There are 4 protein chains.
Amino acid sequence: MSHNTFGHLFRVTTFGESHGPAIGCVIDGCPPGLAIAPEDFAADLARRATGRSRHTSQRREADQVEILSGVHGGRTTGTPVALLVRNTDARSKDYDDLADVFRPGHADFTYQAKYGIRDHRGGGRASARETTMRVAAGVLAKRLLAERFGTVVRGHVAQIGELRPARFDAAAVERNPFFWPDPDMVPALEAYMDALRKSGDSIGARVEVVAHPVPPGLGAPLYGKLDAELAAALMSINAVKGVEIGDGFAVVAQKGSGHRDAILPGGFASNHAGGILGGISSGQPVTCAIALKPTSSLRLPVDSIDSDGRPVSVEVKGRHDPCVGIRAVPIAEAMVALVLADQYLRHRGQCGEPAMERPDR
Amino acid sequence: MSHNTFGHLFRVTTFGESHGPAIGCVIDGCPPGLAIAPEDFAADLARRATGRSRHTSQRREADQVEILSGVHGGRTTGTPVALLVRNTDARSKDYDDLADVFRPGHADFTYQAKYGIRDHRGGGRASARETTMRVAAGVLAKRLLAERFGTVVRGHVAQIGELRPARFDAAAVERNPFFWPDPDMVPALEAYMDALRKSGDSIGARVEVVAHPVPPGLGAPLYGKLDAELAAALMSINAVKGVEIGDGFAVVAQKGSGHRDAILPGGFASNHAGGILGGISSGQPVTCAIALKPTSSLRLPVDSIDSDGRPVSVEVKGRHDPCVGIRAVPIAEAMVALVLADQYLRHRGQCGEPAMERPDR
Amino acid sequence: MSHNTFGHLFRVTTFGESHGPAIGCVIDGCPPGLAIAPEDFAADLARRATGRSRHTSQRREADQVEILSGVHGGRTTGTPVALLVRNTDARSKDYDDLADVFRPGHADFTYQAKYGIRDHRGGGRASARETTMRVAAGVLAKRLLAERFGTVVRGHVAQIGELRPARFDAAAVERNPFFWPDPDMVPALEAYMDALRKSGDSIGARVEVVAHPVPPGLGAPLYGKLDAELAAALMSINAVKGVEIGDGFAVVAQKGSGHRDAILPGGFASNHAGGILGGISSGQPVTCAIALKPTSSLRLPVDSIDSDGRPVSVEVKGRHDPCVGIRAVPIAEAMVALVLADQYLRHRGQCGEPAMERPDR
Amino acid sequence: MSHNTFGHLFRVTTFGESHGPAIGCVIDGCPPGLAIAPEDFAADLARRATGRSRHTSQRREADQVEILSGVHGGRTTGTPVALLVRNTDARSKDYDDLADVFRPGHADFTYQAKYGIRDHRGGGRASARETTMRVAAGVLAKRLLAERFGTVVRGHVAQIGELRPARFDAAAVERNPFFWPDPDMVPALEAYMDALRKSGDSIGARVEVVAHPVPPGLGAPLYGKLDAELAAALMSINAVKGVEIGDGFAVVAQKGSGHRDAILPGGFASNHAGGILGGISSGQPVTCAIALKPTSSLRLPVDSIDSDGRPVSVEVKGRHDPCVGIRAVPIAEAMVALVLADQYLRHRGQCGEPAMERPDR
């Protein structure tokens, strides 16, 4: 809702800085009885983690989750689930030169403008390190959705620079370090990324996420629309500059006769809408896409100013991803799952359990 | 926050259906002392209204605003400002045939799925009629921002189908019925829209909005990011399927060395970021864009089902816009203004009055 | 939650001033399918209304409720239910002398301190006129609770000045103008009130409310406790200065061995707790009490200051209740019903439908 | 706002169970620049702690606060301040016999009813152990208020059983283990408590809190009233069954001519209102009182049932306070400070900085 809390009934509050002692989150409102153990977070945290291939930042965090509360006998109790992850591989000295400098493309300038004080080490609160806790909270949300509806929330990288997959092989996505659905292109991608890294530059990316099955009826008019909350959730991820639902920006050039999804007795004939009509899920797959900007932390110099307004040249030496969009896949999945879990509980509150079947039956 | 309320400190709750007796809103948390009179709403409501040219729906509403509370002696008192607009030109009989039918591309199916009951007349709560109140509330938000910061929030149509303006003449935008910034193209646009209307089809559009000046420091980590809230606000507008901040989806193919905006002693050298870094305003113009789908209400028939699941063919006879994106311009402006006003008050709450100058001074 | 909105899932926003054109409310989040018609509000509004006996203010309002939205075919649709009541008997000229004067015991001074501007006519927003909409919204909440659980929420006056009922006859409460449970004392009460009115003075009162049956499980740790929300709801009523749950302040002198309610296989042996343990309903009757101060609007003069800080003597000529506590009965019932309705929906959101039976079965 | 979060702009989320690995809280929205160090929490935590005299539970916790985030260079940064306290002296085996039994007067029964699962050890989430974090968060709120307005928030015990202080010596309050303002009565109180402890029984208490100076203007109509939020905050404390503002329940027998506080050019002539008029602070001392029930955990047996509904006799062996009201003093102070801090920020958001002076000057 505000500041550092996300969601209404399934509410997540995160805390922690990139180079502070720890990061963590409190998940309040989780239904009781969900089975959860510390090791259940490992898989998704590993998908998000740096240092697992040469194509991401080389910071290696243990990402060991400690469950501080809200779980008894291996099950959630309905009280706040607090998760803690100690930071173990921060190299704050990399940032000593940056204490009084605003890195272009980063939040340094704006945090200083807002608060008049900032933790400059590793970007502090603005670091993507925080997304660890989104992924961790998302594990609980995914579990809730899977248990109730069999929902699977899955993302993949759909574009890096000008490169687009030539085909979509769902099984391939998790078998390469790029979440790339076209296995034939992986060698070319590796070469592209190696060249990029050597050049000292970075590149943008497009990530797509699909959730299915989603029961019809989730969402609410008008400021609680499912697509509006997905947009906020996805735009809140570091580096995201655009969000699409269904056909997204392609609708600008579409005609109504082609866009609208006909309804047949057996179901919808197409899914241009991305599974959402009037802000409420239709029962079709919920589809969304995001655009992630290229990292601004480069060893290539750029003009900036220091905190006294004097011109400086900035070269960033820390460990950074040449394409932050890649690791955004599990983060985007988590945000989609969190929105759906929260909307599910809110729907149940107002209207009772949603039916998986269609309303006409 | 939820359902039909928008904002935290500057909070707007709207109510009303397209064919009910009235629509209205309650603006709670508005600072005291703002000058406002019923006639102050007229200009923006007229920009949003149908029936002012042949290129929009022919429904003609008086859109007469009654101020029910919260204003004394011509000034806001700090208590809730309630605004009421009676519906005067609803033709509910146009919808008699649709009471038991789900119009493809509309919220009929999903409202029925969610609530098990719906007001089918004119789309009920899901109708764009509701956006009248967004625009009305936006008038107060615009006034607050203008008074404090001199902020101007202005939108224009940036694409209709495949048509894009060849040049940008700000003064031209308000002089044609399309909010189109290239006056030379207006005759061609009129011909395009006339042909479209005759064909019975509809078309999508792209709308861009710029707010400037915006003080640096508005927004908050991490789920109260300015861009995240803009994304939700804009995605909550009927027919919107995509949102961009700054360069938006173009960042996918950009390199970091080109994307990041250098900072010079006199200010930023460019504005790829759209005036927001790390979710907080930088003091540059805040720029955003949305994609609006083509209306699904067409007289061209489409397959659908009725409430018993039987196949039907739907032809929609009501009065509709061939390009709903056009009238979205004042609506999008209003949503941007509402987000900025709310973020301004929240910032003031936590940090005190924002400074218009740069943080390094 | 904030300012002029109450509740989370069952949310009520009220607006309007005592002498403005109208008062009203928006009930957002009401479950769909509840039967409701304009005349359903009459009974409770009449219980709250002034001018029905010589013992209340002589302002006579029609209190005609117009349903502006959210109801279709006589049933709630799940979208916002907006209710409007026009003010018809305001006598603003009674307040002309008070425009620049702070009435002691009223909100004049503090509204001016907060907002720097105020609608002085009849107390403006701070008037008990607003409670009309609490009662109206409470009608929907009561209906929801009655339909789901058979809950009855009933209040009575338990003390006026030093007078206390000698016995409790539930049937008598609605048969006298004092909501007084001891029919034998009504003549004495009438004499007391007549004498009080003639003296120009006013008196405090104690009101008690019981809700039963209430399913066990409503409420939440720790800042969403059922008793905490009841306390806020009841303390938000004009003139309330104290709130008790169960035995209330009597617990100060109680011993633990006497206070704790033993549990027998057939149920609790007593109800010192007032139906709430650890902030969560136990299934016993929920009992609460409030203290209402005597009206400060008297024709007896009192020292005060004007807006320039100069001493003045204030005599209030408007039409006022000698004992505002009496009419608080339906208002307190409404607030209890609103809290329970909201807690019910929130419980259903997190945990599913509550069971009326005891957890050990 | 909901469940385990308190406040709107100054927001506190707590987590943790009595016998879990840790308790903690996240303070979101704290203004930047406040000086704070781990040792600053020690004084108030010690005032709340058990095991410091023979008159409280003998559990001895280190209550060592670790600041996990939100502080840089000894000052708050405006990002979430997370505090962690490890539990070090839990004796869970004391509760082995109680795993399947509902302790009368405790939340065992209601947690089971709500969630269908509970952490029975030491009361789990319902334990007063959680109040440690309220006190810790209150330290930041007190500091904010002290820095801005010089506000002091101080409580004392005003009644234990039938014992009331004969005189009020503010300096004495912190010099005895009972927060008792009458030093002459301390020996008698000690004898009373010793006898009570030996009897195996417990006793209720009354606690009063005063905050002063408080700027006029804090609070908001109508559901954000300062007194309504104080009522919720105080009623949310374990064992509280009643809340009073100003004269509280005494107003029931007061006349209006005596209750209303006259206003003189130099200020108010009295403070029956408790510093709040119409839900908004008047600039006078804010005064409130609470009633705390006697502990239900006694070694004296009581009838109850087990989770199968069979009758059992319960004797509670854990370490408990014979008068929980005593340690409530710093907790109540913390809740009052949290409400005031949040209301201050919300006021500043809507209306700008409050003035300490009176509105007529």
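The values are calculated or read from the model by the stated rules, or taken from the named source; none is laboratory data. This one's a predicted model, so the numbers in the text were calculated from it and none came from an experiment. So basically every Cβ, Gly included, is an ideal-geometry build from the backbone, and we count neighbours across all protein chains shown. The protein model used for the area step is the full one, side chains on, heavy atoms only, and it has no ligands, DNA or RNA in it. Shrake-Rupley method; radii C 1.70, N 1.55, O 1.52, S 1.80 Å.
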- [ ] Work out from phi, with θ = phi - 60° and the Karplus expression 6.51 cos²θ - 1.76 cosθ + 1.60, the ³J(HN,Hα) of each residue of region B:45-62, listed in order in whole Hz, and give x for Gly and Pro.
- [x] 5, 5, 5, 7, 5, 7, x, 9, 8, 6, 8, 10, 3, 8, 5, 10, 9, 5
Task: Acute angle (nearest 10 degrees) that the helix A:324-351 long axis makes with the longest principal axis of chain A, alpha-carbon atoms - done: 40 degrees
TODO: Ignoring everything but the protein chains, give the 1.4 Å probe accessible area of A:H19 in square angstrom, nearest 10.
DONE: 20 Å²
Open item on the list: Counting only other residues whose beta carbon sits under 14 Å from that of C:K317, what net charge do I get with K and R as +1, D and E as -1?
Closed with: +3
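What size of dipole, in debye to the nearest 20, comes out for the protein assembly as shown about its Cα centre when the only charges are +1 on Lys and Arg C-beta atoms and -1 on Asp and Glu C-beta atoms?
Dipole size: approximately 0 debye.
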TODO: Beta carbons within 10 angstrom, averaged per residue: use that to sort the peptides B:241-252, D:150-161, D:261-272, highest first.
DONE: B:241-252, D:150-161, D:261-272
Task: Within-10-Å neighbourhood charge of A:F10 [Cβ basis; K, R +1; D, E -1] - done: 0
Task: Summed side-chain charge close to B:T131 - residues other than B:T131 whose Cβ falls under 10 Å, Lys, Arg +1, Asp, Glu -1 - done: +3
Task: Teacher prompt: B:K93 distances to equivalent labels in other copies, 7 Å Cα→Cβ, nm - done: 4.9, 8.5, 8.6
Task: For A:I280, distant residues with modelled amide H under 5 Å away - done: A:L226
Open item on the list: Tell me which GluC sites (Glu not before Pro) from region C:109-168 have a DSSP coil assignment and no more than 14 other beta carbons within 10 Å of their own.
Closed with: C:E162
- [ ] Enter the mean number of other protein chain beta carbons within 10 Å of the beta carbon of each residue in A:284-297, as an integer.
- [x] 4
Task: Cα shape, region B:22-82, gyration tensor, a/c 1.5 rule - done: prolate
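Given a cut-off of 14 Å, what percent of all Cα-Cα pairs of region C:203-254 lie beyond it?
Of all Cα-Cα pairs in region C:203-254, 63 percent lie more than 14 Å apart.
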Open item on the list: Shape verdict for region C:114-181, please, from the Cα gyration tensor: rounded (a/c under 1.5), prolate (a/b greater than b/c) or oblate.
Closed with: oblate
Open item on the list: Filter B:K241/B:K317; D:K142/D:K225; B:K142/B:K241; A:K142/D:K142; A:K225/B:K93 down to the pairs with a C-alpha to C-alpha distance above 30 Å, please.
Closed with: A:K142/D:K142
- [ ] State, to one decimal in nm and shortest first, how far the label point of A:R175 sits from each corresponding label point in the other identical copies (label point: 7 angstrom along Cα-to-Cβ).
- [x] 6.2, 8.1, 8.4
- [ ] Rounded to the nearest 10 degrees, what's the angle between the helix D:131-149 long axis and the longest principal axis of chain D, both from Cα atoms, 0 to 90?
- [x] 10 degrees
Task: Per-residue ³J(HN,Hα) for region C:20-35, Karplus 6.51 cos²θ - 1.76 cosθ + 1.60, θ = phi - 60°, Hz, x for Gly and Pro - done: x, x, 6, 10, x, 8, 10, 9, 10, x, 4, x, x, x, 6, 6
- [ ] Count neighbours as other Cβ atoms within 10 Å of each site's Cβ, and list the chymotrypsin sites (Phe, Trp or Tyr not before Pro) in region C:101-188 that are DSSP loop with at most 16 such neighbours.
- [x] C:F168
Task: Chain B, closest residue to the rotation axis toward C, by beta-carbon, whole angstrom - done: B:T13, 2
Task: region B:54-208: C-alpha gyration tensor shape, a/c 1.5 cut-off, then a/b vs b/c - done: oblate
Open item on the list: Angle check, please: helix D:226-235 long axis (alpha carbons) against the longest principal axis of chain D (alpha carbons), in degrees 0 to 90, nearest 10.
Closed with: 10 degrees
Open item on the list: Using the crude model of +1 on Lys and Arg Cβ and -1 on Asp and Glu Cβ, and no other charge, please compute the dipole size for region C:227-361 relative to its Cα centre, in debye to 20.
Closed with: 160 debye
Task: Other-chain or far-sequence residues with amide H under 5 Å of D:A158's (modelled H) - done: D:R206, D:V207, D:E208
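Determine the dipole magnitude for chain D: charges of +1 sit on the beta-carbon of Lys and Arg, -1 on that of Asp and Glu, nothing else is charged, the reference point is the Cα centre, and the result goes in debye to the nearest 20.
For chain D, the charge dipole is close to 140 debye.
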Open item on the list: I'd like to know which of A:V157, A:V71, A:P183 lies farthest towards the positive end of the charge dipole of chain A, counting +1 on Cβ of Lys and Arg and -1 on Cβ of Asp and Glu.
Closed with: A:V71
Open item on the list: At 7 angstrom along the Cα-to-beta-carbon line, where would the label on A:I117 sit relative to the other copies? Give the distances in nm, shortest first.
Closed with: 3.6, 4.1, 5.4
Open item on the list: Tell me which of C:N87, C:A107, C:T14 sits at the most positive position along the dipole axis of region C:1-139, charges placed on C-beta atoms (Lys, Arg +1; Asp, Glu -1).
Closed with: C:A107
